[in-house]
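> Sharing a structure below in structure tokens format, with a few things to ask.
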Amino acid sequence: MNHASDHQLNILKKSKYVIDTFLDALWMERGLSENTLSAYRSDLIHFLTWLEPKNIRLVKVQMKNILAYLSSMENVSARTVARRLSSLRRLYEYLLKEDQINQNPLTNVDAPRLGRILPKSLTEVEVEALLNAPNIKQATGVRDKTMLELLYATGLRVTELVGLTIHQVNLRQGVVRVIGKGNKERLVPMGEEANYWLEHYLSSTRSEILNDSTTDSMFPSNRGKAMTRQNFWYMVKRYAKIAEIQKILSPHILRHAFATHLINHGADLRVVQMLLGHSDISTTQIYTHIARERLKDLHVEHHPRG
């Protein structure tokens, strides 16, 4: 074996030792899970493999090497690049703190901009199927149907829906008074369909579900107490299966559908912001991206030159 390959092996050995020491320190300080530590190791070994033919030790890395490494990942997703960069950042912060390096080579390196993850939504046909899934011949079916109708009509958060009391609803005016995040109150119109089902539910089946129990919760469980967020989520998944919806659902799926469908039908963004109870309009703007994606899909599907 020649001296060059000996030297290379020596660099690799020292660099792997640096990574092991860093991961041990990370485990001791933060008690991270085996999976998280494994992800860090994988990212750092990836960088080490890239460094190896260049005969550069981890502790001798400069900013130009980091930038060259980032350039080498041109076909890798921004999310993966950002994660690898984050692992390197943690490593070099540790090495600086331990006085193993004099300067962090990542100080002036920016992470790639990540596109916002668009919330999953349902088409109007899928929403219709979901709303029609409960068996309205049963008292609990009427309750579930009312909950789904109200959620889609108002865009309430699931916690706001399950925490709703009978005093927060005004059937005559057709509005719900919601106490949202930060204890902020907002009035949300229900629309005719949700108003009809709520009136029907209150006049016929709520007392049957309560069975002599008393609670001011609008939607009690079969035990006569307020329904939990988890119970409602299981309910949605069950009805999605009945409606044969193949998408992976989120607890806020009907809230997302509410906002997306409003914007698809031309609603003003400020109005949607107010209805959703967003304090910042930038949070609401994500739904315009969903609407645009939907328009692109429709164009590809139906335009002769799509």
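> Under a 5 Å amide H to amide H cut-off, with H placed in plane at 1.01 Å, what residues pair with residue 226 once short-range neighbours are removed?
Excluding prolines and chain starts, which carry no amide H, the hits are 221.
> Taking the Cα centre of each part, how many Å lie between the stretch 241-255 and the stretch 218-239?
If you average the Cα positions of each part, the centres end up 16 Å apart.
> Additional query: Please compute the Kirkwood hydrodynamic radius over the stretch 124-302, one decimal place, Å, based on all pairs of different Cα atoms.
17.0
> Got a sec? Charge dipole of the stretch 170-274, +1 on Cβ for Lys and Arg, -1 for Asp and Glu; which of 252, 264, 214 is way out at the positive end?
252
> Expressed as a whole number of Å, what is the distance separating the alpha-carbon centroids of the stretch 52-70 and the stretch 161-203?
Result: 60 Å between the Cα centres.
> Let me ask you something else. Rounded to the nearest 20 Debye, what is the dipole magnitude of the stretch 3-97 about its Cα centre when Lys and Arg each give +1 and Asp and Glu each give -1 at the C-beta? Numbers along the way, then the final one.
On the way: 15 positive and 9 negative charges, 49 e Å.
That gives the stretch 3-97 a dipole magnitude of about 240 debye.
> Right, here's the next one. Would you pull out the residues with amide H under 5 Å of residue 165's amide H, same chain only if 5 or more places away, H placed 1.01 Å from N?
Answer set, sorted by chain and number: 218.
> May I pose another question? Using a Cα-Cα cut-off of under 26 Å, which lysines could be cross-linked to residue 13, ignoring same-chain neighbours fewer than 8 residues away?
54, 60, 64, 97
> Once phi is turned into ³J(HN,Hα) by the Karplus curve 6.51 cos²θ - 1.76 cosθ + 1.60 with θ = phi - 60°, what whole-Hz value does each residue of the stretch 221-237 show in order, with x for glycine and proline?
Along the stretch 221-237, the couplings run 7, 5, 8, x, 10, 4, 5, 8, 4, 5, 4, 5, 5, 4, 4, 4, 4 Hz.
> So who's got an amide H within less than 5 Å of the one on residue 122, skipping anything under 5 residues away but keeping other chains? H placed 1.01 Å off N, in plane.
It is 257, by chain and number.
> How would you order 260-270, 133-143 from highest to lowest mean count of nearby Cβ atoms within 10 Å? List each step's numbers first, then the result.
Numbers: 260-270: 15.5, 133-143: 17.2.
Ranking the peptides 260-270, 133-143 by packing returns 133-143, 260-270.
> Turning to a different aspect of this structure: What is the Cα convex hull volume of the stretch 3-97 when expressed per residue in Å³?
That works out to 100 Å³ per residue.
> Using the Cα centre of the stretch 123-266 as the reference point, and only Cβ charges (+1 on K/R, -1 on D/E), how large is the resulting charge dipole? Debye, rounded to the nearest 20.
That gives a dipole near 540 debye.
> Sticking to Cα atoms, compute the Rg of the stretch 137-243 to one decimal and its Dmax as the biggest Cα-Cα distance, whole number, in Å.
Final numbers for Rg and Dmax: 13.1, 39 Å.
> How large is ³J(HN,Hα), in whole Hz, for each residue of the stretch 87-99 in order, when computed from phi with the Karplus curve 6.51 cos²θ - 1.76 cosθ + 1.60 and θ = phi - 60°, using x for Gly and Pro?
Karplus values, whole Hz, x for Gly and Pro: 5, 5, 4, 5, 4, 6, 5, 5, 5, 5, 5, 8, 6.
> Turning to a different aspect of this structure: Could you go through the stretch 248-257 in sequence order and give the Karplus-derived ³J(HN,Hα) for each residue, using 6.51 cos²θ - 1.76 cosθ + 1.60 with θ = phi - 60°, rounded to whole Hz, and x for Gly and Pro?
3J(HN,Hα) across the stretch 248-257, in whole Hz: 6, 8, 10, x, 9, 4, 6, 5, 5, 5.
Rule-based calculations on the coordinates, nothing more; no lab input. Every value quoted in this text rests on a predicted model; they were computed, and no experiment measured them. With ideal geometry, Cβ positions are generated from the backbone for all residues, glycine too; neighbour counts draw on all protein chains shown.
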